[in-house]
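No value in this document is a laboratory result; all are computed from the given coordinates. Owing to the predicted nature of the structure, the values given are computational and were not obtained by experimental measurement. Cβ placement follows ideal geometry from the backbone for every residue including glycine, while neighbour counts extend to all protein chains displayed.
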Amino acid sequence: MNQRSDRFTCSEIADRVGGTLNGQPNIRLAGIKTLERAGPGELSFLVSTRYLEQFRNTNADAVLVSTQLSSTIINSPTTLISVADVRTALREALDLFSQQPTSCWGIDRTARLGTGVSWEGRISIGAFAKLGSNVILGRDCVINDGAVIEANATIGDECYVGSNAYVGSSTKVGNRVVIKPGARIGTSGYGYTQTDDGHIRMPHLGRCILGDDVEIGSNSTVDRGSVDDTIVGPGTKVDNLVQIAHNVRIGQRCLIMSQVGLAGSTIVEDDVSIAGQAGLAGHLTIGKRARLAAQAGVIGDIPAGQTVSGYPARAHREVLRQAAALRRLTPLVSTLEKIVEKNGP
Amino acid sequence: MNQRSDRFTCSEIADRVGGTLNGQPNIRLAGIKTLERAGPGELSFLVSTRYLEQFRNTNADAVLVSTQLSSTIINSPTTLISVADVRTALREALDLFSQQPTSCWGIDRTARLGTGVSWEGRISIGAFAKLGSNVILGRDCVINDGAVIEANATIGDECYVGSNAYVGSSTKVGNRVVIKPGARIGTSGYGYTQTDDGHIRMPHLGRCILGDDVEIGSNSTVDRGSVDDTIVGPGTKVDNLVQIAHNVRIGQRCLIMSQVGLAGSTIVEDDVSIAGQAGLAGHLTIGKRARLAAQAGVIGDIPAGQTVSGYPARAHREVLRQAAALRRLTPLVSTLEKIVEKNGP
Amino acid sequence: MNQRSDRFTCSEIADRVGGTLNGQPNIRLAGIKTLERAGPGELSFLVSTRYLEQFRNTNADAVLVSTQLSSTIINSPTTLISVADVRTALREALDLFSQQPTSCWGIDRTARLGTGVSWEGRISIGAFAKLGSNVILGRDCVINDGAVIEANATIGDECYVGSNAYVGSSTKVGNRVVIKPGARIGTSGYGYTQTDDGHIRMPHLGRCILGDDVEIGSNSTVDRGSVDDTIVGPGTKVDNLVQIAHNVRIGQRCLIMSQVGLAGSTIVEDDVSIAGQAGLAGHLTIGKRARLAAQAGVIGDIPAGQTVSGYPARAHREVLRQAAALRRLTPLVSTLEKIVEKNGP
């Protein structure tokens, strides 16, 4: 996607993002850049007070800013467009300036389609893509170069399967799902039984089910279920390099950030947020709206709404208290040892 | 793999898994589901007391249960099949119900084979697969769509190379090895020397060697050796998104779970278990049967048989003792500070 | 790459690596192996005192050793070649023995090139590679089997794009860049705004820019910028399975080891070293020459030159002091509790 050449006045942009303009309404803007890099004729945005210095020095002709923050700004060097939520306004402004790539509808002559593959409306299938027999696609799907979709998978409307991504047999994908390049969906999981002959693989008869509006990041892996299905609920967004093991069930609208790992059969309820590199043991339940901090190592159930961090993960407030306590105790150790010696055990 | 339509009586299943039947021997079962989802005419399984409530409410017509657990169950709501190990019995039952996909033997017309590629017996090579010159395969191998095997690699009997996986030149793969989609085997490693002109790459002349019955998970990476070879020993199972660096040597029957990282030249002896997201520094030795907990950060050698956790990884028992101590000391900090002040340094 | 059959005398090798020979100058050597595996007619190397026992027992006919270490060795069992830096000498010796694979210049008949693709001098494009329209390549580039390079990407001289790797549209790649198999460069990032309709994706209009001599490891992911570009500076080496999020800016000559994760908009200055599995939150600045230990969890800015570890990452020296303090306090807890009880709160 590139920025296109149309221009909009500050006032038109304020209208579009539902903001209040304070400054020059008629300057024409041609694009969006960061505070540091924007120049005359460009829009910028201030997402946090962390960037106030860059704001003071910006050459942008207008800046998106939160209503809350804008009230504290005196003598703004530039036109301000005040909005309730800067990120939402930024998204809307980016949409305004962005030039959607025109999808190349049609099937590349090198693509290989098995018997019984079907779709509705328009379709785009890239070079060297391979669809197994009886793959069913909805309307307006884009399957990129080198993607492999195995037999009997069903995929909804307006889905995107990235380059060299993999969708295993019998996987069930909802509408508007994005599977980024190199993601592996519905592969056989890591399940073995130990015998005298070594570890013997468990058959994996379950499927992988992705709900509507799910996104799976680049090179992430989602194993199929062994007996039950592996499920990622509607609206859940999964970042790059995430591991979701067999039989995991994730609810709706969860955010699962990069390099998170979920072991087998763990249940994540709705609206949970899991920050980067956190790891969850198997067979756990993470309650609704729980928040797991980056690198948290979760080895027990987490109640709804709780924020946890550390290893083993526990209430974040407790982690902070313990860290502060250790910091204060560290310089006292020698004296405490002497006192203990004096007082006897 | 899907479940097939055959039916077996409870008594036939008990015979197959070597279990003791307590209930209705003649009910016919048509499939396996979890306790929550199984209905009449279906088998289920109870793997832990954690699921006792679901067991009490199940609609399954029969349940696999451990002999130990079954002795504690009074008034079972369903027929019980008691076995020594539920997971082994479950695997055997799944094998009974699973319908092996008939492999499509033959070479897709789009596959590209270099000069001197050879194999024995049957072979399946998928669409857009590329085999370099002098690749040698055993019998009954399956190379899936888009896989790349570089020149002079040798691969044993009954191996599986998944979609878009990569096997580097001169890699040596044993029998019955599974390389899942997107795994990268025998790539050049991360080795540099620092010079005035920046970091200069070390040549990687070693190979990557996978023993019999090795499995490598989706999107995992195993670098080739720089001077020596990188070795994964027979029967070792590697999960998804694992990093195995150059010159690492892993013994037999190890379990290496998802997102584990092993830095260069580290030696892992036989029967070691490394849980998810654990990381090992380079040039270490991990003794036989050692167990590394999830997220353990290992920066020194680990003796045989030891269980370690935390960062830096140390005996798990000691980690627990220290965590408990800190928990008890935290509310005492202010008083301890006063006592120290009174007693002087 | 394989070792070739040429032979060099110890004296020739000492000359090549700028070392001082102590022993037999005229023995001919045919290859390099580790101390354990080298035999007569082979060169080996001693990188650390850790391997002194293997050195004492080696059958190698000559060993590269640091000048510092060689001065402590009495009665060497083999010819010594003393050098300032063993790893640099090893690299030079490996170069001497290694046989560069002759690149197959030319374009495989199955490759798909869009309109306007251009290059200079020689080029190698593998089977099933796909280059979108207006991709511009410099001279002597190698694009391996199944790689996908999207429209309008520009790639410099002597670059390597590995098998099944992905380079997104409008990505800008410098000279001598190595992108290993399965790496995903310039994919759309993980950016959403929360609305009543769930999380809505931010458009990603920025590019991904890789400087000269950058290397990106297998299956690593580098997202494109949302507004600004994502930048990896010249000479920076990125290992396997690393995540670099949108708008991250990395300076020159950094070392980013396996499974590291960098969240959005974080700035890493020149010559920073980040060890395996470390994680960095978004919007941080890591100062020049800072060193982040393995598994460090960084949630605040790090000053130039500092070495940090732990979660939350802090000065490594402080981490060690606190760990030692906790170790000493742990056996005293019960006594300290009694003392506090006696002294009152």
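Assuming charge only on the beta carbon of Lys and Arg (+1) and of Asp and Glu (-1), the dipole of segment B:187-345 about its Cα centre is about 800 debye to the nearest 20. Each copy carries a label point for C:P25 at 7 Å from Cα along the beta-carbon vector; from one copy to the others these points are 9.1, 9.1 nm apart, nearest first.
Separation of segment A:115-193 and segment C:210-224, taken as the distance between their Cα centroids, equals 27 angstrom. Can you tell me which of B:S98, B:S226, B:S124 moves the most in a GNM of chain B? Springs connect C-alpha atoms under 10 Å apart. Judging by the Gaussian network model, the answer is B:S98. Partner shielding of C:225-233 amounts to 3, given as the average count of beta-carbon atoms from other chains within 10 Å of each residue beta-carbon. Here the dipole of segment C:242-330 is about 360 debye; that uses its Cα centre as origin and unit charges on the Cβ of Lys and Arg (positive) and Asp and Glu (negative). Around the amide H of A:I125, modelled in the peptide plane, lie the amide H atoms of A:G106, A:I107, A:D108, A:I143, all under 5 Å away and 5 or more residues distant in sequence or on another chain. Between A:G305, A:G279, A:G138, the residue with the greatest mean-square fluctuation in the GNM of chain A (Cα pairs under 10 Å linked by springs) is A:G305.
Residues B:V222, C:V177, arranged from fewest to most other Cβ atoms within 10 angstrom of their Cβ, appear as C:V177, B:V222. Bridges between two residues of segment C:162-252, per DSSP, are antiparallel at a rate of about 20%. Averaging the sequence gap over all C-alpha pairs within less than 8 Å and six or more residues apart, then dividing by the number of residues, gives chain B a relative contact order of 7 percent. Sorted from nearest, the other copies put their A:R122 label points 4.3, 4.3 nm away, the label point being 7 Å from Cα in the direction of Cβ. Counted by Cβ distance under 15 Å from B:D271, the other residues give a net charge of +1, where Lys and Arg count +1 and Asp and Glu count -1. Scaled against the 2.2 N^0.38 Å expected of a compact globular protein of N residues, the Cα radius of gyration of the protein assembly as shown reads 0.97. Projecting the Cα positions of B:G233, B:V177, B:G191 onto the charge dipole of segment B:161-236 (unit charges on Cβ atoms of Lys, Arg, Asp and Glu, taken about the Cα centre) puts B:V177 furthest along the positive direction. Its Cα gyration tensor gives segment C:172-228 an equivalent ellipsoid. The semi-axes, each the square root of 5 times an eigenvalue, are 28, 13, 5 Å from largest down. Backbone amide hydrogens, once placed in the peptide plane, bring B:G132 within less than 5 Å of B:G114, B:I149, B:E150, B:A151, excluding anything fewer than 5 places away on its chain. Considering only alpha-carbon pairs that sit under 8 angstrom and 6 or more positions apart, the relative contact order computed for segment C:275-340 is 23 percent.
Computed from phi, the 3J(HN,Hα) profile of segment C:83-89 under the Karplus parametrisation 6.51, -1.76, 1.60 (θ = phi - 60°) reads 9, 5, 9, 5, 5, 5, 5 Hz, with x in place of Gly and Pro.
Here's the picture: charge each Lys and Arg Cβ at +1 and each Asp and Glu Cβ at -1 in the protein assembly as shown, and of B:A290, C:T58, B:L113 the one pushed furthest to the positive end of that dipole is B:A290.
With the label put 7 angstrom out from Cα along the Cα-to-Cβ vector, C:R328 ends up 1.9, 1.9 nm from the copy partners, going from closest to farthest.
Order by neighbour count: A:E53, C:E150, A:E318, fewest other Cβ atoms within 10 Å first, most last.
A:E53, A:E318, C:E150
Look at the stretch C:26-33: the mean tally of other chain Cβ atoms within 10 Å of its residues' Cβ atoms is 1. Ellipticity at 222 nm from helices only: DSSP H runs of n ≥ 4 in chain B, each -39500 (n - 2.57), divided by the residue count, give -4500 deg cm²/dmol. Rounded, prolate or oblate: which fits segment C:189-266, taking a ≥ b ≥ c as square roots of the Cα gyration tensor eigenvalues, rounded meaning a/c under 1.5, else prolate when a/b beats b/c? It is prolate, given that a/c is not under 1.5 and a/b is the larger ratio. Annotation: the antiparallel percentage among DSSP beta bridges lying fully within chain C is about 15. Think of segment B:1-131 as a dipole: +1 on every Lys or Arg Cβ, -1 on every Asp or Glu Cβ, centred on the Cα centre; then among B:L21, B:S98, B:T72, B:S98 lies furthest on the positive end. Amide H contacts of B:G189: B:R224, each under 5 Å away and 5 or more positions distant or on a separate chain (H built 1.01 Å from N in the peptide plane; Pro and chain starts excluded). Between C:G116, C:G225, C:G31, the GNM of chain C built on Cα springs shorter than 10 angstrom shows C:G31 fluctuating the most. Apply the a/c threshold of 1.5 to the C-alpha gyration tensor of chain C and tell me whether it is rounded, prolate or oblate. Taking the square roots of the gyration eigenvalues as a ≥ b ≥ c, chain C is oblate. If you take the square roots of the eigenvalues of the alpha-carbon gyration tensor of segment A:1-126 and sort them as a ≥ b ≥ c, do you get rounded (a/c under 1.5), prolate (a/b over b/c) or oblate? Prolate, since a/c reaches 1.5 and a/b exceeds b/c. The label point for B:Q194 and the one for B:E318, both projected 7 Å from the Cα toward the Cβ, are 3.0 nm apart. DSSP beta bridges fully contained in the protein assembly as shown are about 15 percent antiparallel. Here the 3J(HN,Hα) profile of segment A:121-134, calculated from phi with Karplus coefficients 6.51, -1.76 and 1.60 at θ = phi - 60°, is x, 8, 8, 10, 10, x, 5, 6, 7, 10, 10, x, 5, 6 Hz, Gly and Pro shown as x. Ordered by the count of other Cβ atoms within 10 Å of each Cβ, fewest first, B:Y192, C:Y190, C:Y160 give B:Y192, C:Y160, C:Y190.
With the biggest extent put first, the Cα atoms of segment A:26-77 measure 27, 22, 16 Å across the principal axes. Computed over neighbours whose Cβ is under 9 Å from that of C:V167, the net charge equals 0, Lys and Arg +1, Asp and Glu -1. Here is the tail figure for segment C:227-345: Cα pairs spaced more than 21 Å apart come to 42 percent of all pairs. Mean per-residue shielding of peptide B:207-218 is 3, counting Cβ atoms of other chains within 10 Å of each Cβ.
Computed from phi, the 3J(HN,Hα) profile of segment A:42-49 under the Karplus parametrisation 6.51, -1.76, 1.60 (θ = phi - 60°) reads 10, 9, 9, 8, 10, 8, 7, 5 Hz, with x in place of Gly and Pro. Think of each Lys and Arg Cβ as +1 and each Asp and Glu Cβ as -1; about the Cα centre, that makes the dipole of chain B roughly 680 debye.
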